[in-house]
Amino acid sequence: MTIHELFKRSMDMYGVRGKDLAVTAGVSAQHVTEFRQGRKWVSEGTLEALLRGMERLSPGSVKYFCDSLVSQKLLEVEYKKQNSTLDNNKMIFANLVKSAGADELESLSVAINKRWKELVNEQNEGDA
């Protein structure tokens, strides 16, 4: 989720109306709407004003927003770590193939073919 989506979810979860937030934060209702919908970004100062206003209108809403943001970022970091590991494994495999001799490549091909057949059989059993 993006920041504006997390912000919108926090507002919705805590019942903060855009018009009320605009008045409390000192920005236009249009500005709040455009940010919530992801059509426009807000400056750091405006985001701070929106967060302060949201907290004034509904205590706990900013904590929810921040917790959601941190959780989202942790998920992204974990996803990147997993993909990095996959990329490293692919690189290791590619280097293994590149440096392998004829006998090693034959053994590798047999192992890959065997695993491929196992996967096809598993898929066919699942479809039946």
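The values are calculated or read from the model by the stated rules, or taken from the named source; none is laboratory data. Everything quoted here is computed from the prediction, not taken from an experiment. Every residue, glycine among them, receives a Cβ derived from its backbone with ideal geometry; neighbour counts consider all protein chains shown.
Considering only residues of the range 50-73 that are of a type outside the set (A, V, I, L, M, F, W, C) and in contact with a Leu (Cβ under 7 Å, 6 or more places away or on another chain), which is nearest to residue 35 (Cα to Cα)?
Among those residues, the one meeting the criterion is 53.
Inside the range 13-33, can you point out the residues that are of a type in the set (Asp, Glu) and modelled with pLDDT under 95?
The answer is none; no residue qualifies.
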